[in-house]
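Asks: Have a look at this one before I ask anything.
The values are calculated or read from the model by the stated rules, or taken from the named source; none is laboratory data. Being a predicted model, the structure only gives us computed values, none of them experimental. Positions of Cβ are backbone-derived with ideal geometry, glycine not excepted, and every protein chain shown enters the neighbour counts. Calculation scope for accessible area: heavy atoms of the full protein, side chains included, ligands and nucleic acids excluded. Shrake-Rupley method; radii C 1.70, N 1.55, O 1.52, S 1.80 Å.
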Amino acid sequence: MRRSVTAVTRSAPAVPAALEGQPAAPGRAPSQQRARDRVEKILSVAAALIAKSGSEAMRMGDVAAQAGISIGSLYQYFPDKAAILRELNDRYNASCRLLIAAELGKVKTKADLKRIFGALLDVYYQFYRSEPVIRDIWSGAQADRGLQDLDFEDNRLNAAVLAEVLMRLHPKADPARLRTTAFLVMHLSGSTMRAAIALPEKDGDAAVEAFKSMAIRELLAG
């Protein structure tokens, strides 16, 4: 479990490995390798700037200059800073969905669910604590409707995977209730992580452990 998660979440110097190689979704979808390389360079530069000074301080002019392109070329790919942030966030979410689906797909018993879901929470908490780019984007999501929509959709998709697991483990339970439980657990997982990384580490650790206990108890109860 730990090994497979590390392969996804290990960070590169600028862009987290989880974000590398994912399809871009900016204003102009690149079809040629040169254009794709340019998009990757833009995102790498943006991630480095965010890691250094935060997304609020990142300027499109600085991104263009450090990426070695004109500001006009930058706008062809990303019409504004929010588009860059959404692309970085969307790539991360896509990577996480693959991981969650793969790990939850291994669940055969309630003991498996307890172990795997708990480990996923631990790994994501550690990742958010150590990854400044995603932490910054995630913290700013509450002020950006586009990022909020991405977050909601990501929770919905992950909840669908979790709901399938719950229906296998609790075949006699009401499917609608299990789907609601799965969505709330996924949504509250994100809220808990946001709160935890804003707290001193000791308090954040305690918050995550408390939520883990509550969430797993609810999931196992069906």
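Asks: Place a +1 charge on the Cβ of each Lys and Arg in the stretch 56-117 and a -1 charge on the Cβ of each Asp and Glu, then give the dipole magnitude about the Cα centre in debye, rounded to the nearest 20.
Replies: For the stretch 56-117, the charge dipole is close to 560 debye.
Asks: Going down the table (LYS52/LYS202; LYS52/LYS81; LYS106/LYS172; LYS110/LYS172), which pairs top 18 Å between alpha carbons?
Replies: Check vs 18 Å cut-off fails for LYS52/LYS202; LYS106/LYS172.
Asks: Continuing with the same structure: I'd like to know which of ALA159, PHE127, HIS170 lies farthest towards the positive end of the charge dipole of the stretch 126-171, counting +1 on Cβ of Lys and Arg and -1 on Cβ of Asp and Glu.
Replies: Ranked along the dipole, the leading option is HIS170.
Asks: Now, a different point. Rounded if a/c is under 1.5, else prolate if a/b is larger than b/c, else oblate: which is the stretch 118-222, with a ≥ b ≥ c the root eigenvalues of its Cα gyration tensor? Walk me through the numbers on the way to the answer.
Replies: Values: a/c = 2.63, a/b = 1.48, b/c = 1.77.
Note, shape of the stretch 118-222 comes out oblate.
Asks: Over the stretch 113-222, with the other protein chains present, what is the accessible area per residue in square angstrom, probe 1.4 angstrom? Intermediate results must be reported in sequence, preceding the final value.
Replies: Values: 5460 Å² over 110 residues.
Using a 1.4 Å probe on heavy atoms only, each residue of the stretch 113-222 averages 50 Å².
Asks: Taking the Cβ-Cβ separation of SER139 and SER70 as r and a Förster radius of 25 Å, what is the calculated FRET efficiency to the nearest 0.05? Could the numbers behind the result be given before it?
Replies: Values: r = 31 Å, r/R0 = 1.23.
With a Förster radius of 25 Å, E is 0.20.
Asks: Further question on the same structure: Among rounded, prolate and oblate, which fits the stretch 76-133 when a ≥ b ≥ c are the square roots of the eigenvalues of its C-alpha gyration tensor, a/c under 1.5 means rounded, and a/b larger than b/c means prolate?
Replies: Here the stretch 76-133 falls in the oblate category.
Asks: LYS114 versus ALA160, label points 7 Å from Cα toward the beta carbon: distance in nm?
Replies: Each label point lies 7 Å from its Cα, and together they span 3.1 nm.
Asks: When all protein chains stay in place, what accessible area (Å², nearest 10, 1.4 Å probe) is found for THR109?
Replies: Rounded to the nearest 10, that gives 60 Å².
Asks: How high is the relative contact order of the stretch 70-222, in percent, counting Cα pairs under 8 Å that sit 6 or more residues apart?
Replies: Numbers: 107 pairs, mean separation 39.7, N = 153.
Computed over the stretch 70-222, the figure is 26 percent.
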